Structure formats: structure tokens, C-alpha cells
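The values are calculated or read from the model by the stated rules, or taken from the named source; none is laboratory data. Fair warning: this is a prediction, and the values are worked out from it, not measured in the lab. Because the Cβ atoms are built from the backbone with ideal geometry, glycine has one as well, and the counts that use them run over all protein chains shown. Only protein heavy atoms, including side chains, enter the accessible area calculation; ligands, DNA and RNA are left aside. Shrake-Rupley method; radii C 1.70, N 1.55, O 1.52, S 1.80 Å.
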Amino acid sequence: MQNRLDGVVVEVEGAAESLTSFISGVKAELPPLADVSEISSTELEIRKDTAFQIIESEAGGLGKVFITPDIATCGECFKELFDPGDRRFRYPFINCTNCGPRLTIIQDIPYDRINTSMSCFPMCSLCRKEYENPADRRFHAEPNACPACGPVLSLLDETGSPLPDKDPLRKVITLLLEGYVVAIKGLGGFHLAVDAANDEAIKRLRSRKFREEKPLAIMVKDIDVATRISRIGKDEEALLLSPQRPIVLARKREKDALSSAVAPGVSDLGIMLPYTPLHHMLLEKHFQALIMTSANQVDEPICVTNSEAIKRLKGIADYFLVHNRDILVRCDDSIATVSAGRKRMLRRSRGFAPKPIALKKFYPEILALGPQMKTTLCILKGNLAFLSPHIGDMETPEARDFYQESLILIQKIAECKPAVIACDLHPAYYTTKFAEELASSRIIRVQHHHAHIVSAMAEHGIEGEVIGMAMDGTGYGTDGTVWGGEFLIADEATFTRIGHIKTYLLPGGEKAIREPWRIAVSLIKEAYGRNWPGVAEELNIVSQKSYYEMIDRIMTQKFNSPVTSSLGRIFDGVAAILGIRHKVTFEGQAAMELEAMAKSKTDTLLPFDIGETDDMYLLNFLPMIRKIIDELRAGRSKAEIAYAFHMTLPVAFLSMADAIRKRRGLNRVVLSGGCFQNRILTEATIAELDKAGFEVFFHEVLPTNDGCIALGQAVCAGAQVKL
Ligand code: ZN
Ligand code: ZN
Ligand code: FE
């Protein structure tokens, strides 16, 4: 056996059947973290070798041996952790070749202990023996350690001074039980933890973190607790238990033991299972669930170093449970869910990054810089797409520093610095401006929704023209307006916009995103013309008398009121019309609450119409807005109206797809965009299109939100370079 630049070469000899079963065995009996992308074989002359032998690696390093993601504590380590006879009994840093930190402890490549934050812990003789023994589970486990030689925990007060407790973990459990907020150093960053059953503690955490309503993730003791508090099917269960251990969004049960402050107003809980030895010990006896939310200030990246945590979490955390194994790469928890019967990612980060995504085709080297929100970076090299961990929103200097760190990291991991750069079309995005600063041979600007569609195409390896439906928040269009309800004829390199949602104004621009009442007014004005103030007053949408004149004026003068075709903003507007909320505290809140409200099933559909010109189909939802208001006047339940709204959109999408199919003969539909995070919408859309004989493609590996954009940009640019 030999590691070579292009993979592993194995020479075996024996009877034909045993060779066949050997090959199938290689695929079927892999260790948990191993992954075989391809097996090929040729016949050799028989050499009558009888011994198993590993030949030294080929010169030039290991080639395609990648940095692997961080992996949850494996079953065997878990057993040892709670085995009083084991030398690592209750040691919070237990790990082996099958589990533990990887990406988050690397300083440099190749992945050897010397290049990780474990380099400062010389192994004791017992650990070294394991590390050097090919038959041991800890053979070449770079973070291998034990209580005699490895990292240790310590507890700090809010100023960062160490507390003298002999057993920091036990003390932390007591503090959590008393309702304190404790910052806990994890795998890819700090979490802020409080007892999920303690209302007061959660409220304290929320007010300190300025996060009044956004759902908080929880870590539950085991799968039984998860099943008790939420509706877990077998797919959700598999996701929860997977070695990647993402946060899984699952439907809440009506009655559960958790505080209602965990995830108010929405239908899902974000749940994860313990994924480090420390987590297992924290949740062992005293808690059913802990809030475990990323430790950061609004819009800032997750804290990783002890000193950074103490500084940036001042006033938020009462105590800090830290250790002396440095986190060198920030990596937030991943988020996944199940919709339309498949696993879907909402954030691809810890456990998944930086494992490259294998594409069906080969491309030139490209660096893609991503969008402005939910950003990731992507390097395309050969048939592999290397995606950085989730970076987030480019709104703060800290986030931008993190972006720079991530660029260096992803170049190291992909082992290249592409000279061709792909970025968004939006001239004001930080990521676009950054493209202009980088030394590059060529900058390729990719329209946001084209990138959405191409990312989903690349995931499924499809080529040629498709009907792309990008149902989204906002993205910069080729005409300078704000797009977000787009029907494209797209291939990898090019697209034409063949239809879109009929445009309306966003009075106040960015402000309209935080204040959906403004969008409601805009839609009502489009639907009722000059009579809009009467309707708005009837629905109690405008909070102050003086606003009527103000908003009318800015819309009439088109002052700071961009034109948009966004579906995401229609969700916001409809939520405001239904009185769900007039202002939001985080993006997507109104839409999530509208989804949660859509509980009463009804066969009623709302009206819409489709206008057609020579080269464009316009999907007009104003008849729907008028009907919603009529239904409200008639006293129809909001739960039914919300449901009817959700069911009408897929029918409208189908009508559009049908019209486009008739004109262009295309039968493949590719879905992408933030709106498809809404499960009711996604499931109904796929079902409608399916029923009508369309071939439907939707994300499974990448998030449907802007987490997919960097890869879409890269593939699109790659295809353009190839042309
Ligand atoms: Zn293990
Ligand atoms: Zn040791
Ligand atoms: Fe988007």
C-alpha cells in the first residue's frame, strides 16, 4: 500500500472473487472519517507477496490528502470518557483518529501535530505509543492527549481572573443552575450558555446580547430529549446523530419543558447534540437542555481566543470556561434541516468545511469572494470546490477581519492563489470592492441570482439551459434595480431574465427591511392607488399620522425608494398586512412568523395574474394583496390566509414555468434563493412542479440562502473562462 500524489495505491493478490469482495469491502467498511471518491483497478503479474506492507509515501507530499473537518466525539471515546477504569476517565479533551478537532486547530499545512495548536503539548510516553502504533485507534491522531500531557480547563471570572476551583466543570454546572451566563470555549469558537429551562437567565442573556427575539440554539442531552421537545423524523434523527453534529431545525412540540423565550413566534427549534467531551460532561446529569448560542456581539464573528472572548463578551458573560488548546480557525455551528424529504443545509460550517465539494466537471482556478451577507469564500480547482466556513455578514470591522483570515486559510487549504476572481455585481458590496483591491488577472462579476441558480446546477452536475427560479431577499440586478423574484433561462456561463415578480417600491430602502410596515404600504398603494391611506388606516399599518405624508412623498418622488421584484420582501409585506409584525429585530423574522402562522389548511387559493410581453413574463401579485385584504375584512382567520398565501405561490410559479416551457421547450427547473428556507413553500413548489412533469433540482449540499453564492460565482466564472 502506498500514499501517492493521486491517492492510495493498493496491491492485492488472490482469487477473483476475493479480489472483488476486497474492492467492495474498501467502500463498505471504511473507518468513519474515511471517504473514497473513486476506485479503479488494473491487473498485474502475480508476485506471490504474502505480508501487509505500507511503502513510504511518494515524494512531494500526500497530494490529495485534505484537511478534514472537526468531528464529534466518537462512540469509543465516549465510552472511555465515562469509564472509571480508563486513563482518560472524565478527560474533556479525549479524541482519536475517528473524532475530535481538525480544521479548528490548524496553523499550517500539512496537517501534522507540529502545525497545530497541539504543538505546545509534548506527548507523554503512553500517548506517544498510541500515536506511533498503526494498530491503535490513536495512530497519528494529531490532537492525541491525556490528563498527563494535554490541555486543561480553567474557569475565569468576568474580568478574566482565574478562579481557584479544582473542578472548573463542576463549578460551571452550579453556576449555570444558578442562572449565570457562562461563555464556554468549544471547538470552533465560544458559546454563551444558560440553562434552557430558566426564563430569567434566558432573558438576561437576550438583553445583554441585544438579541430580543431571534431564536437561540439549544444543545440537548440526547436524542430522547430532542424527540420529546420537537418532531423528529428519521432524517432529522440521522442529522442530529451524524458525526458533523449540525444544529437541526425541527418543528416544536406544542408543549415542552423549555422556556418559551428560547424561540418565540417561530415554528422551529434549533437543536444540536453534544459534540465534544466537554459538552457530554456538561449535560451528563443536570440539564435536559442548555442554550448554546454563538458567543459574539450582533453582526460580529464568533470569539475564539480567551483574551478576545474576555474583551468582546464584557457585560454579556458572567464567567468563562476556557482551556489552553487554542482555536486557530473560527468555525460556527452548521445548521441543517429536512424539507421535501431531503436533508438541507442552512449554514455549512463546522463538521462540513473545509471538505471540498466534488463537482462533475473540471474548471480553471477561480477565487470567488461571495456576497455581502451570509458570506463564504470559494476556491475552484480542478473538479473541487473548496468552501470556507461560514463568515457571515460583512457589516462590522471584525467581520471583515475574519473575512481576510478566511481568505488566507482557504488559499492554504486549496493550495493555490487563483488569479481570476469572481465577485457580485453590486458595486457597494465590501466583497466587490475587495475584488478590485486584489491583484488579479481578471475580475468576473456574477449576477446574484444567476450565482444562486448556477450553484444548485453545479451541485447536481447539470449542464445546458434550465429554467432558474431564484426566490430571494435582495440581489443587485443587471438593470441596477433590486432583484429577488426571478425567472431565468440560465446555463453555467450566461443567463437571460425571462420573467420576474412585478416590481414595487421599497420606501426607505434598507429601512424597509427592518420595518415591513413600509413594504405593506407600498403594496397597498400599488393595489389601491390614491385610496391607499384609507386601507392602511383600516388595517392599522401606519403607527403615526405624520408617516402617511412622509411615506407617500418618498414613494411619489422615488426618493430612497428602490424598485424591487423581491419575493422575500412580499413575505414581509404580507406579514405586516396580516398584523403579524410591523417591525423586525432580525432579517427574515416576519417571514418566519408568517410561516409559523400558516397552520390552518384550506383549499382556497388567492388570485394572481401573469402579464406577457415579447421577452418577459410579469408575475403580478397585486390581485392577491387585494384578496388578502378582502378576506381580512370578511373576518377570515389569519392562519387560513397565511396558509392560502403559501399555497398560492407554488401555483403561480408553476404557471410561469409552464409558460416558459411552452415558449422555450425547457423542462428542467432549478430552485434557489433564501425564500426556499421556508419549508411549506419549498415542499409545495417541488410537489406542484413535479406533478406537472418538470424535472426539479434543489440544493442538498449547499444552503439555498446566500451561503451558496460563492460557489455559484466560482462555477459561473470558471465556465466563462473556459468559453
Ligand atoms: Zn474518538
Ligand atoms: Zn498523554
Ligand atoms: Fe440571495
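Among the protein heavy atoms, those of residue 517 account for about 10 Å² of accessible surface (1.4 Å probe, every chain in place). Between the amide H of residue 292 and those of 217, 218, 219, distances stay under 5 Å, these residues lying 5 or more places away or on another chain, with hydrogens modeled in the peptide plane. With a sphere of radius 13 Å drawn around the Cβ of residue 651, what net charge do the other residues whose Cβ falls strictly inside it have (Lys, Arg +1; Asp, Glu -1)? Charge balance near residue 651 sits at -3.
Using the heavy atoms of the protein chains and a 1.4 angstrom probe, tell me the accessible area per residue for the chain in square angstrom. Before the final figure, lay out each step's value.
Values: 30530 Å² over 723 residues.
For the chain, the per-residue accessible area is 42 Å².
Distance between the modelled labels on residue 408 and residue 114, one decimal in nanometres: 2.1 nm (7 Å Cα→Cβ projection).
Summarising the amide proton neighbourhood of residue 499: residues at separation of 5 or more, or on other chains, whose placed amide H is nearer than 5 Å comprise 487, 617. Here the relative contact order of the stretch 461-514, from alpha carbon pairs under 8 Å that lie six or more residues apart, stands at 28 percent. Couplings 3J(HN,Hα) for the stretch 264-280, derived from phi with the Karplus relation 6.51 cos²θ - 1.76 cosθ + 1.60 (θ = phi - 60°), are x, x, 10, 8, 10, 10, x, 10, 9, 9, x, 10, 10, x, 4, 4, 4 Hz, where x marks Gly and Pro.
Counted by Cβ distance under 13 Å from residue 571, the other residues give a net charge of -3, where Lys and Arg count +1 and Asp and Glu count -1.
Residues whose amide H comes within less than 5 Å of that of residue 258, counting only those at least five positions distant or on another chain, are absent (H built at 1.01 Å from N in the peptide plane). When both the stretch 385-407 and the stretch 513-551 are represented by their alpha-carbon centers, they are found 38 Å apart. Each residue of the stretch 41-53 was assigned a 3J(HN,Hα) from its phi angle through the Karplus expression (A = 6.51, B = -1.76, C = 1.60, θ = phi - 60°), giving 9, 9, 8, 10, 5, 5, 10, 6, 6, 10, 9, 7, 9 Hz with x at Gly and Pro. For the chain, the relative contact order is 12 percent, taking Cα pairs closer than 8 Å that sit 6 or more residues apart in sequence and dividing their mean separation by the residue count. About its Cα centre, the chain has a charge dipole of approximately 1360 debye under the convention of +1 per Lys or Arg Cβ and -1 per Asp or Glu Cβ, with nothing else charged.
When nucleic acids and ligands are ignored and a 1.4 Å probe is applied, residue 251 ends up with an accessible area of around 60 Å².
Let me know the charge dipole size of the stretch 177-218 about its Cα centre in debye, to the nearest 20, where only the beta-carbon of Lys, Arg (+1) and Asp, Glu (-1) is charged.
260
The separation of the stretch 262-285 from the stretch 630-669, counted between C-alpha centres, amounts to 37 Å.
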